[in-house]
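What follows is calculated from the coordinates using simple rules that are stated; it is not laboratory data. Just so it is clear, the structure is predicted and the values come from calculations on it, not from any experiment. All Cβ positions, even for glycine, are placed from backbone atoms using ideal geometry, and neighbour counts span all protein chains on display.
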Amino acid sequence: MATSTPESRPEARGNALFVYGSLAPGKVNAHLLEPLVGTWSEARVAGSLHHIGWAAELGFLGIKLGPRSIDRLDVAAGHDDVVNGFIFESDQLADVWPELDRFEGRDYHPVQTTAQLISGDYCECIIYTAVGI
């Protein structure tokens, strides 16, 4: 029997989404999150960007998370890859996780990770990672 992880069950994903591409404020698909009441904060995660996924054709690369979480990296020394983006926090995300899953499609998979806010605090969040890398 397969185990169910929080990211596979939309109702268990929480209220924080790391956005690094076309859903970011001012980008081509920002309209999907604009109706939601929430807050945006600059943030970063451990990982690297790759030319993969449907959004790559629009100039938005897919992310592969790093082997270690952002809270375990020495990013100040410049030895680890990070991807900058935003944390969007909203209690209304629970209502749109299924819609976001359909939008991202088979090229991107929701996973739970840790992001570092610009304040230095850490935040558990969902991020859509590229499949196949």
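When the chain is treated as a GNM, springs tying every alpha-carbon pair under 10 Å, which of Asn15, Asn29, Asn84 comes out with the largest mean-square fluctuation? Of the options given, Asn29 has the highest mean-square fluctuation.
Please work out the Kirkwood hydrodynamic radius for the chain, using every pair of different C-alpha atoms, and report it in angstroms with one decimal place.
About 15.0 Å for the chain.
The local environment of Ser41, defined by Cβ-Cβ distances under 12 Å, has a net charge of -2 under the rule Lys, Arg +1 and Asp, Glu -1.
Between Gly105, Gly66, Gly21, the Gaussian network model of the chain with springs among Cα atoms under 10 angstrom shows the greatest mean-square fluctuation at Gly105.
Each Lys or Arg adds one and each Asp or Glu subtracts one; over the other residues with Cβ under 15 Å from the Cβ of Lys27, this totals -4. For the options Ile70, Ile87, Ile118, a Gaussian network treatment of the chain with springs between C-alpha atoms closer than 10 Å singles out Ile118 as fluctuating the most.
Helix-only arithmetic for the chain: the sum of -39500 (n - 2.57) across DSSP H runs with n ≥ 4, divided by the residue total, places the mean residue ellipticity at 222 nm at -3000 deg cm²/dmol. Annotation: the residues Phe18, Phe86, sorted from fewest to most other C-beta atoms within 10 Å of their own C-beta, follow the order Phe86, Phe18.
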